[in-house]
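The values are calculated or read from the model by the stated rules, or taken from the named source; none is laboratory data. From a predicted model like this one, the values you see are computed outputs, not experimental measurements. Cβ placement follows ideal geometry from the backbone for every residue including glycine, while neighbour counts extend to all protein chains displayed. Just the protein is used for accessible areas: all its heavy atoms, side chains included, with ligands, DNA and RNA removed. Shrake-Rupley method; radii C 1.70, N 1.55, O 1.52, S 1.80 Å.
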Amino acid sequence: SAVDPRLLGGAEKELPSGVLEEQVLEALPGKKPLIKKTYRAPNYETPVTYFEEIFTPNEAFFVRYHLSNIPMVDEKTWRLRIGGDAVERPLELSLDDLKKNFEQVEIVALCQCSGNRRGLMKPHVPGVQWGYGAMGNAKWKGVRLKDILNKAGIKANALEVVLNGADGPVLNEPDFVKSIPIWKALDENVILAYEMNDQPLPHWNGFPVRVVVPGWTATYWIKHIVSIDVVSQPYKGFWMATAYRLPLGKFPMVERFTSQETAVNTPITEIVVNSLMLHPRDKQIFRRGQVIEVKGLAWDAGYGIKMVEVSIDGGKTWREAELGKDYGRFSWRQWKYTFKADKKGKYVIMAKATNRIGQTQTFELIWNPAGYHHNVVQRVEINVV
Amino acid sequence: MRKLIWLGLMAISVVCFSGEESIRLKDGPGKELVMNSCATCHSLDYIQMNSVFMNKKQWEATVNKMVKTFKAPVDEKDIPAIVEYLTNFYGVRQ
């Protein structure tokens, strides 16, 4: 029952053999069949075929948990607690309070797991062996975190905002708790979302409310959020201090999380500029004279995609692809390039995205022990006969 | 024995995760020990998924991470046998 390679988009060439043997298509309650990486904690990847659509359907949106104690949250009894030593007036809010007492906002944003493409690392690193599908683009509706924090009142010494969800450990594993810098928490784009693509969030994607931190990797997008603490000291939990770390200086970073940096490493923050080629597929065969459409998606941390260049000769020459509709700077962007295959033989097709601040994809993998930020330019080989 | 483990799991987990009964680890010395030590907090496909690329040292580091960081209730004296099984059946010898 191996997963059809067409759902993996080329990742099957690079994933560890154990993954290829073990992964299956399997549906969680309320979800479409997705690529099951692990049953418990539930880790399910979106088949790349869903990425043809600009908004990833809720039922097909990837699922990622570290810990398996995941309660079904009742929206009627759900409460959000705002506290911490750097808050003036602790608050408790119901879902009704959120919807009635704060301005409702909508934003389109890509949600991408920090470890998306970890399975493509060479050499491989332990962790969930994701291919291309630990990501999804959605329209999120909710309230600004900033408005809630301002209602509670922030003290001058506020440094970080600590986010915790209802899910937790089975035994004594460190609870999955994350913090973001206060300046990021006050960014008007950071919201607490209770709708995703005009529907309530699916249970597996954080019902009833999750944090949305556009431009930053999904580790900060805490699901089933139940407590938010504004604190004056760096939060030292395992998932901040030890996990989700990048070697310092290896990756371009504009938004740095300095209160969590050490002399050697830094928490992951922004999504790196990247693209995914959906067509053509590797080893696809075309006839001479056929018009071939090269197309896919490109995204970054929210600076905006400036261009996507396509090569059909293995990187010797590059042409600019046409960009699709702009759904906002945190959304991914569709792109397309067509050419006529007028000579027979092998074509090596590549695509490379560049953002508005000049960041671009790499040709060589920047290996790191946790397997983050794989944005190596893809190579797809087709044959024209 | 297997039945008992699964019953235990059901009591612990809040939601039921169907499907994982189908996971079969490779037969060999240490299999039972691994099944008993490693399925409390997560399904055993975490092991298969992380294969085949880790050598003995890397499996040792992973098991130690489970015990030290995640507080896996594993007897110190069982660690070498667990690492041996994982390296034999889900690892590389080098």
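Summed over segment B:63-74, the residues that are touching a residue at least 24 places away in the same chain (Cβ under 8 Å) and either within 23 Å of A:P123 (Cβ to Cβ) or loosely packed, with under 15 Cβ neighbours inside 10 Å (or both) give a count of 2. Within segment A:332-354, the set of residues being open to solvent by 10 Å² or more (accessible area, probe 1.4 Å), outside any strand (DSSP E or B) and not basic (K, R) comprises just one member, A:D342.
Checked against (1) more than 9 Å from chain A (Cβ to nearest Cβ); (2) open to solvent by 10 Å² or more (accessible area, probe 1.4 Å); (3) modelled with pLDDT of 95 or more, B:V83 passes all but a single condition, namely (2). Could we say that B:Q58 is touching a helix residue (DSSP H, G or I) at 6+ places or on another chain (Cβ under 7 Å), facing another protein chain (nearest Cβ under 9 Å) and assigned to a helix (DSSP H, G or I) here? The answer is no for B:Q58. Which members of segment B:37-50 meet the condition of being crowded, with 23+ Cβ neighbours inside 10 Å and facing chain A (nearest Cβ under 7 Å)? Correct list: B:C41, B:H42, B:S43, B:D45, B:Y46, B:Q48, B:M49, B:N50. Considering segment A:1-25, the residues that are among the acidic types (D, E) and out of contact with any Leu (no Cβ under 7 Å at 6 or more places or on another chain) include one that is surrounded by the fewest Cβ atoms within 10 Å (Cβ to Cβ), namely A:D4.
Collect the residues in segment A:58-98 that are open to solvent by 90 Å² or more (accessible area, probe 1.4 Å), touching a residue at least 60 places away in the same chain (Cβ under 8 Å) and over 22 Å from A:A218 (Cα atoms), keeping them in residue-number order. Break it down into steps so the answer makes sense when it comes.
Of segment A:58-98, the ones open to solvent by 90 Å² or more (accessible area, probe 1.4 Å) are A:72, A:76-77, A:79, A:81, A:88-90, A:92.
Among the residues that remain, those that are also touching a residue at least 60 places away in the same chain (Cβ under 8 Å) are: A:72, A:79, A:81, A:88-90.
Correct list: A:R79, A:E88, A:R89, A:P90.
The listed residues are A:K13, A:K31, A:K100, and the only one of them that is away from chain B (no Cβ under 14 Å) and farther than 24 Å from A:K122 by Cα turns out to be A:K100.
Being surrounded by 19 or more Cβ atoms within 10 Å (Cβ to Cβ) and in a loop (DSSP other than H, G, I, E, B) narrows it down to one of A:I180, A:I222, A:I148, A:I228, so name that one.
None of the others qualify; the one that does is A:I222.
Could you check segment A:282-308 and list, in sequence order, the residues that are over 23 Å from the mean Cα position of the chain (by Cα) and open to solvent by 10 Å² or more (accessible area, probe 1.4 Å)? Within segment A:282-308, A:D282, A:K283, A:Q284, A:I285, A:F286, A:R287, A:R288, A:G289, A:Q290, A:V291, A:E293 qualify.
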